[in-house]
Amino acid sequence: MGSPWWRNVYWNAEIECMPVEELKKLQYRSFKTLIERLYDTNRFYHDRMKSVGMRPDDLRSLGDVGRLPFMFKEDLRENYPTKMFSVPVTDIVRFHASSGTSGKPTVVGYTENDLAYWTEALARSLTSIGIGKDDILQVSYGYGLFTGGLGLHYGAEKVGAAVVPTSTGSTERQLELMQDLNVTAIACTPSYLVHMGDVAARMGIDFRRDTCLRKAVLGAEPWTESMRAKIEKSMGIRAYDIYGTSEQAGPMFTECEERDGIHIAGDIMYVEIVDPDSGEALEEGERGEMVVTMLKKEALPMVRFRIKDITSLVGGECPCGRTSPRISRITGRSDDMLIIRGINVFPSQIEYTLMRIPQIGDQYMIEVTRDEGALDNMRIQVEIRPEVFSDRVEDMILLRAGIESELKKYLNIAATVELKAPGELPRFEGKAKRVKDMRVI
Ligand code: DLL
């Protein structure tokens, strides 16, 4: 038997399969060029470098990168909307903006070259998961200020796929179009795909029987392997993780068919993983906060930007042949971590535990409160599967106790579980908001 089809299919083989040492040299040269440009032309970076007594000449190897100061989301907020931009506004061809759910929104801008690199990154990613000119891709990420819709749109067109730009919402209509146009792949948040699954079931649509869907490109929010297994089983498709942030450009990087980490185009983005507290570099395999430098960006450069997403570098060679660095699934953001009675827990760990319990459906909500004695309480509402839902109170009490004990066993947290009937909990069209932390700290 020969090797599987994907072992020899690349969008840009020269770069994607470049020997690691050569890639490092290329990264160093790009880093240096970027720093020289910013030191001379951008007040923010000039001052930041001066504050640590560094000049561009001090960057003699990639090993010196760790001496450059970090930058944070707050820097973008303080320089709202465009004070951090590094090109005249006449060179900007597009703006996007974050929703501002965790504070004042941030605005990102792109030159023509910035858009070209964004699209290039996506073309490589989509090719690596076998999406190309034979595909019809329904883009159900939001179009507009959010980067998901337009990002995937141009990436998919670049590889010759036909795009169905549905954006979010009007789920029944989306499902009809999916059938009528023989859509083969969908790009949306995992929570929206789960919601589509519910609506499809109500409409009597069976994904396997009634659609041509075979792939899903899911991201923009944390999700878990157990969620992937559920989606794949119920819809008969393959689901891939896609990652990116508006500060990097938007959605950019996916796993390849091997699905052992997300490939990061090393010529476009330089990744470090650091200890969230000390900021010290971590080794391969150690989980920490991701720090990125966008090596090609013109309009809004990012140098050692603390994204706050928690991940690790995956070691070893990927059998797909790409030599680009890989990161493991993002398990959350360092600022999403909940500390419940002194125990650190990420919402994704809770999801992972819940989704492995067969009686539980796909929806859950987490609520954290603090009582008068200053003790934290966690309440987790979970929907149970229709075939399991029963009027027999004893059955439901037993199930609830079972879920509470699994949470205790795997995460060491005491949570009160509340069972909900199918359809009772909120659904999300964009990013899911499953955690309500009502503590006043
Ligand atoms: O969410 C860009 C995007 C669009 C990515 C479509 C993937 C697909 P922002 O709105 O700036 O950009 O939010 C970025 O979302 O820092 C992560 O915390 C989270 N995130 C994005 N992708 C993933 C993922 C877009 N695959 C923030 N897994 C990031 C976990 C993700 N978290």
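Nothing in this text is a laboratory measurement; each read-out follows from the coordinates by a stated rule. Everything numeric in this text was worked out from a predicted model, so none of it was measured. Every residue, glycine among them, receives a Cβ derived from its backbone with ideal geometry; neighbour counts consider all protein chains shown.
Here the relative contact order of the range 302-341, from alpha carbon pairs under 8 Å that lie six or more residues apart, stands at 45 percent. Just to verify a number: FRET efficiency for Arg209 and Met396, C-beta to C-beta distance, R0 = 30 Å, to 0.05? Calculated value: 0.40. Quick one: in the chain, what % of C-alpha pairs are over 42 Å apart? Cα-Cα pairs of the chain separated by over 42 Å account for 17 percent.
For the chain, adding -39500 (n - 2.57) for each run of n ≥ 4 DSSP H residues and dividing by the number of residues yields -9500 deg cm²/dmol at 222 nm. Entry note, the chain: relative contact order of 14 percent, from Cα contacts under 8 Å with a spacing of 6+ residues. Dividing the convex hull volume of the alpha-carbon atoms in the range 368-441 by its residue count gives 134 Å³ per residue. Out of every Cα-Cα pair that the range 267-311 contains, those further apart than 17 angstrom amount to 31 percent.
Please work out the C-alpha center-to-center distance from the range 27-68 to the range 208-261 and express it in whole Å. A separation of 36 Å, based on Cα centres.
Taken along the Cα-to-beta-carbon direction at a fixed 7 Å, the label points for Asn113 and Glu404 span 6.1 nm.
Along its principal axes, the range 5-151 has C-alpha extents of 53, 40, 29 angstrom, given from the largest down.
Taking Cα centre as origin and charging only the Cβ of basic (Lys, Arg, +1) and acidic (Asp, Glu, -1) residues, the dipole magnitude of the range 314-402 rounds to 460 debye. Full extension of the chain between Met438 and Ile357 yields a length gain of 26.5 nm, computed as 0.36 nm times the residue separation minus the alpha carbon distance.
DSSP beta bridges fully contained in the chain are about 60 percent antiparallel. Charge dipole of the range 22-164 (Cα centre as origin; +1 on each Lys and Arg Cβ, -1 on each Asp and Glu Cβ, all else neutral): 380 debye, rounded to the nearest 20. Expressed as a whole percent, the proportion of Cα-Cα pairs in the range 181-255 lying more than 15 Å apart is 55%. Computed from the Cβ-Cβ distance with R0 of 35 Å, the FRET efficiency linking Lys233 to Ala162 stands at 0.80.
Applying a DSSP loop filter and a limit of 11 other Cβ atoms within 10 Å to the trypsin sites (Lys or Arg not before Pro) in the range 355-417 leaves Arg392. Counting beta carbons within 10 Å around each of Val388, Val108, Val159 and listing the fewest first gives the order Val388, Val159, Val108. The length gained on full extension between Arg385 and Val199, counted as 0.36 nm times the residue separation minus their Cα-Cα distance, comes to 65.5 nm.
In this simple spin-label model, placing a label point 7 Å from the Cα along the Cα-to-Cβ direction at both Glu317 and Ser170 gives a separation of 5.0 nm. Taking the number of Cβ atoms within 10 Å of each Cβ as an exposure proxy, the fewest-first ranking of Trp5, Trp118, Trp11 is Trp5, Trp11, Trp118.
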